[in-house]
Structure formats: C-alpha cells, structure tokens
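Worksheet: the structure to be examined is printed underneath.
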Amino acid sequence: MNKSESTQQSQNQNQNQDIMLRRSAMLSDELVNLPEELSTIIFSKMEDDPKTLIRCFLVSKNWASLVSKTVNLSIRMSCTGENADSLPCATLHNHIPLSAIPGIMKLFANLESLEIKLCHCPSPTPETPCYQHVTKVKAEWAGDDSKTYTCTANEVGLLSTIQGPLVSLELEEEKFDTVENSSALDLYWIVLYYRPETMRSLVIMSAKMDELRSEGKVFISYDQLSEFPDSISSLSVNKSWLENPKNVVYWHKNQRRKKRSLREKVWLFYQWQSLISNEVQNMKDLIETKADLMKLLDGVADGDNGNGKPRSQFRKK
C-alpha cells in the first residue's frame, strides 16, 4: 500500500468516526430532551434491569432525577452473597452483589415495591452446604405497622420401601439444622435495615430443587411429621395413606416409576406470619394447606427453580 492510499484510508476512518460521534451526540440529545412523561415510561420498562438503570442514572442530572423516581424494582442476587456475574446460572441475567444493597436503597430512594430472586450459583468458596428448599418471604408496610408472611419447604429425609410392606423413614439431622438458616430470611433483615420509608412491599424468593420430574416428593407439616413414626411402626404407610390429606400436605408422585415400591423425598412444609402494630409484635403459625404449597412452588423464580427447570407440572396436579 503506497503513502497516498494509506493517507486516504486514514481519512476515511476519521470521517466514519466523526459521523458516529455526531450521530451518538444527536441521539443523546434526543433522549435527554424527551418529555419527562415519556422518559418515565421508558425507564419503567427496565424495572428488572437495575444495572442498566444505574448506568442511565450517570448520564445526566435529568436522568438521575428520573431514575431515582423508580417505584418498582426487580433484582437477581446470588445466594453466595458474591458478585456472581462470572458464576454459571440457568438464564442470562445480572446478579447484584449483597454489598450493593445499601447503595441500591439509597439510589432508588422512592421505591414502593421490591422483588428479589435468589439464584443458587455454585460458589468457588462454599461456607455451608445448600440443601434443597423453596422459600418465599413477603412483607407489607402501612405506616409503622407491618405484616410479614414466610412460607418454606425443605428436604429433610427419605421415605422408602425396604422389604415388602415395611417402610423406612430416614431423617437427616444436618438438613434439619439448616431449616431455619435461610438466605432469604437473612436478606430480609438486611433490606429491612436499609429500606426507604416509601417502600410498601417486599418479596424475596429462593429455590433449589433438583431432579424435579425424576423423583417423588412427600410434603408434610411439623404435626404430620410427629405422627410418622407411629404410622410406620403400624405398617399403615402406603400409597392410599400418602394420598390422604390428613396424613400429608401433598404427595407429588414420580410419574416415571411404575414399580410398587416407594422411594420419596420427604419435605417439611412450614409457614408463619408476623404482625407488628403499635410497636408490638405478634407471631403465629399458619395451617399448612395444599393450596398454599402450590402457590409457593408455582410462584418461585417465574416458572423455574434457579436451575432452568420448569415448575409447570405442579400446576397440573
């Protein structure tokens, strides 16, 4: 390539760059000068993308003012509490690190509703094992009064046929020990500390449920669990017994297993409510029903369990 051709090519590149810069500047001016009502509508379409909203906040004072008026926000976080952008997840989305919660509450100072979904990305430095569970925490505020509803199901053991009609219930103590150590509940207390006064609703959802279709699940309450040993000793546990709502909250059958033997994972289902009125707190346990369990299973993570597996089969039971 001779000198004149090289010079011409360089000039063409500079012209192209100038054109792109002018177009970018024109587009920026058009966006910045949009009517406030239209800009607000555009930003409302990004309620599930806080990272983009934060970038928009840095564009100009006008945009910063509009972004700070966001009233509804949905974010994804990693249960590890780390910045899990580099960790594998079922779908493409940004994870917000736990350390960003104070800044988010300050930036979105007019939030009225916040939804947080916890993803169970494998952590490079796991501290404690994360067993299978589904948890939902929902809080509502009216002035100084609040109502918090917590619903959780945790895998705690295995119910299986060992010989003929004999049934064995194997409960795993280490899983029982982690029932109350919920990452969703820990996150609730952090958000509660930093929440803006405008916030009226908070929903935190977390799920880790593997082998959804390939295994049966028996969901029971604490009261039903206490009766299991007597039922097993009297050899009364069978398929008809598991289908009785008096004995279990819900039996999700393994459709693939055609054998008569049982090998079902046992899940402990529990829900409670906390009410605060006039600075007085009242807590009460709620009766566990199949309808409540279905809402829990169907509502977590918009149809997936954090591992990319649909939960639609529960709706058809």
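The values are calculated or read from the model by the stated rules, or taken from the named source; none is laboratory data. As the structure is a prediction and not an experimental result, all values here were calculated from the model. All Cβ positions, even for glycine, are placed from backbone atoms using ideal geometry, and neighbour counts span all protein chains on display. Just so you know, the surface numbers come from the protein's heavy atoms only, side chains and all, with ligands and any DNA or RNA stripped out. Shrake-Rupley method; radii C 1.70, N 1.55, O 1.52, S 1.80 Å.
Considering Leu66, Leu73, which residue is touching a strand residue (DSSP E or B) at 6+ places or on another chain (Cβ under 9 Å), outside any loop (DSSP other than H, G, I, E, B) and open to solvent by less than 40 Å² (accessible area, probe 1.4 Å)? Step by step, each of Leu66, Leu73 is checked, and only Leu73 is touching a strand residue (DSSP E or B) at 6+ places or on another chain (Cβ under 9 Å), outside any loop (DSSP other than H, G, I, E, B) and open to solvent by less than 40 Å² (accessible area, probe 1.4 Å).
Of the residues that sit in the range 85-103 and are among the hydroxyl-bearing types (Ser, Thr, Tyr) and at pLDDT below 70, which one is least open to solvent (accessible area, probe 1.4 Å)? Explain how you work it out, then say what you get.
Kept after step one, since they are among the hydroxyl-bearing types (Ser, Thr, Tyr), are these residues of the range 85-103: 86, 91, 99.
Next, only the ones that are at pLDDT below 70 stay: 86, 91.
Numbers: Ser86: 107, Thr91: 63 Å².
Result: Thr91.
Within the set of pairs 6+ apart or on separate chains, which have a first residue in the range 183-206 that is touching a residue at least 40 places away in the same chain (Cβ under 8 Å), a second that is basic (Lys, Arg) and open to solvent by 10 Å² or more (accessible area, probe 1.4 Å), and C-beta atoms under 6 Å apart? Within 6 Å, the pairs are Val203/Lys138; Met205/Lys117; Met205/Lys136.
Out of the residues in the range 114-150 that are part of a loop (DSSP other than H, G, I, E, B) and hydrophobic (A, V, I, L, M, F, W, C), state the one that is modelled with the highest pLDDT. Among those that are part of a loop (DSSP other than H, G, I, E, B) and hydrophobic (A, V, I, L, M, F, W, C), it is Cys130. Applying the selection to the range 190-206, what residues are open to solvent by 10 Å² or more (accessible area, probe 1.4 Å) and part of a helix (DSSP H, G or I)? Residues satisfying the conditions are Ile190, Leu192, Tyr193, Tyr194.
Put simply, of Glu47, Glu82 the only residue that is modelled with pLDDT of 80 or more, assigned to a loop (DSSP other than H, G, I, E, B) and surrounded by 10 or more Cβ atoms within 10 Å (Cβ to Cβ) is Glu47. Within the range 212-234, if we keep just the residues that are loosely packed, with under 12 Cβ neighbours inside 10 Å and at pLDDT below 80, the residue that is farthest from Thr161 (Cα to Cα) turns out to be Arg213.
Number of residues in the range 284-302 that are open to solvent by 20 Å² or more (accessible area, probe 1.4 Å) and either within 22 Å of Glu215 (Cβ to Cβ) or modelled with pLDDT of 85 or more (or both): the value is 13. For first residues located in the range 265-293 and closer than 20 Å to Asn254 by Cα, partners that are open to solvent by 80 Å² or more (accessible area, probe 1.4 Å) and lie 6+ apart or on another chain with Cβ distances below 8 Å form the pairs Leu268/Tyr222; Lys290/Pro245.
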